[in-house]
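The values are calculated or read from the model by the stated rules, or taken from the named source; none is laboratory data. Quick caveat: nothing in here was measured; it's all calculated off a predicted structure. Note that we place each Cβ from the backbone using ideal geometry, even for glycine, and neighbour counts take in every protein chain shown. Accessible surface areas use protein heavy atoms only, side chains included; no ligands, DNA or RNA. Shrake-Rupley method; radii C 1.70, N 1.55, O 1.52, S 1.80 Å.
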Amino acid sequence: MAAKANVSGRVVLITGASSGIGAATARELAAEGARLVLGARRTDRLESLAGELAATGTEVRWQRLDVTDRADVARFVDFAVAQFGRVDVLVNNAGLMPLSPFTALKVDEWDRMIDVNLKGALYGIAAVLPLMKGQKSGHIVNISSIAGRRVMPTAGVYCATKFGLHALSEVLRIENDDIRVTVISPGVTESELADTITDENTKAMVANIRKLAMGADAVARAISFAIAQPEDIDVGEIMVRPTRTTH
Ligand code: NDP
């Protein structure tokens with residue numbers, strides 16, 4: 001393990017740590033010496049990832065987490081405090097992307113995206129903000145997307161959630177001069193995200209785009225970069241995408 005200044009020893013909570021970007025971030029920050037609390041619904045995945053990281057000397061805990069349940073999110077943060085005494089960083093990463101055109105009227109999927117991508121992140125903020133204000137320090141990292149900066153057909157509601165994350169992050173930042181707020185906007189990244197698409201035409205279109213995907217470790221490194229800055233430096237946003245993509 002190569003300790004990284006300003007990451008080593010930090011208590012970092014990651015939502016959606018059971019696959020993709022969340023799991024890659026856990027691996028990256030573990031290698032740099034962070035103390036980790038991992039949350040997601042698939043506890044078998046969390047348990048095995050935590051086992052892997054603990055075997056290399058990482059202080060890591062995990063707890064089942066459904067970010068659509070505000071009380072559950074509060075319990076997750078309480079658990080982290082009970083384990084480590086503080087929360088330095090919350091990575092609001094849990095998300096899903098069941099893309100479809102509006103005419104498909106997949107209203108349940110619209111609800112789900114709003115509940116997880118947007119409200120889930122807000123519940124995370126609500127759970128850590130009083131604590132971070134008390135500490136007079138803390139860092140909230142919200143995982144948005146290129147889709148939080150530009151729109152495309154089939155992504156109306158997904159984009160709305162990700163554009164929303166940019167807006168709320170900016171307000172959170174300007175309201176609080178003692179808390180760092182970072183938005184990470186990845187381009188197409190290898191993960192299980194596209195598995196949530198149920199619209200057949202959209203599935204085929206996205207499968208084609210995803211052939212250009214970068215490894216999730218690229219996003220993890222961007223997150224680590226933001227965390228590793230000195231306490232008085234707030235990285236507002238990082239866009240990171242495969243060089244071979246043009247969107
Ligand atoms: P994955 O599908 O691999 O990971 C999504 C994670 O979110 C899983 O760990 C899943 O865990 C978790 N999750 C979903 N619903 C809930 C819930 N209700 N409560 C808690 N956790 C939940 O995809 P990615 O790694 O790609 O996604 C991570 C983030 O990155 C998302 O916010 C996504 O929008 C964003 N992103 C991804 C890009 C990509 O191309 N992959 C590009 C831009 C942004 P579990 O099912 O175990 O609960």
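Counting only Cα atoms, segment 62-138 measures 48, 23, 16 Å along its principal axes, largest extent leading. If you look at the Cα atoms of segment 1-93, you get an Rg and a Dmax of 11.9, 36 Å. For segment 119-232, the Kirkwood hydrodynamic radius from C-alpha pairs, put into Stokes-Einstein at 25 °C and a viscosity of 0.890 mPa s, yields a diffusion coefficient of 157 µm² per second. Just checking the listed ones, Thr196, Thr68, Thr103: in the Gaussian network model of the chain with Cα springs under 10 Å, the one fluctuating most is Thr103. Annotation: Cα Rg of segment 14-158 relative to the compact-globule expectation 2.2 N^0.38 Å equals 1.09. Once C-alpha pairs closer than 8 Å and six or more residues apart are averaged by separation and normalised to the residue number of the chain, the relative contact order reads 21 percent.
Once the dipole of the chain is set up with Lys and Arg at +1 and Asp and Glu at -1 on Cβ about the Cα centre, which of Gln63, Thr202, Thr243 lies farthest towards its positive end? In the chain, that residue is Thr243.
Comparing mean-square fluctuations of Arg35, Arg45, Arg180 from a GNM of the chain with C-alpha springs under 10 Å, the top value falls on Arg45.
Computed from the Cβ-Cβ distance with R0 of 22 Å, the FRET efficiency linking Arg86 to Glu192 stands at 0.10. Ligands, DNA and RNA are left out, and with a 1.4 angstrom probe the accessible area of the chain is 44 Å² per residue. Each Lys and Arg adds +1 at its Cβ and each Asp and Glu adds -1 at its Cβ; summed about the Cα centre, the chain shows a dipole of about 280 debye.
Helices of the chain meeting both criteria, an alpha-carbon length of 24 angstrom or more along the long axis and an average Kyte-Doolittle score not below -0.5, with helices taken as full DSSP H segments, are 156-175.
Protein heavy-atom surface of segment 2-239, 1.4 angstrom probe: 54% of the accessible area is carbon and sulfur, with nucleic acids and ligands not counted.
Dividing the C-alpha radius of gyration of the chain by 2.2 N^0.38 Å, with N its residue count, gives 0.95.
For the chain, lysine pairs separated by 8 or more sequence positions, or belonging to different chains, with Cα-Cα distances below 20 Å total 6.
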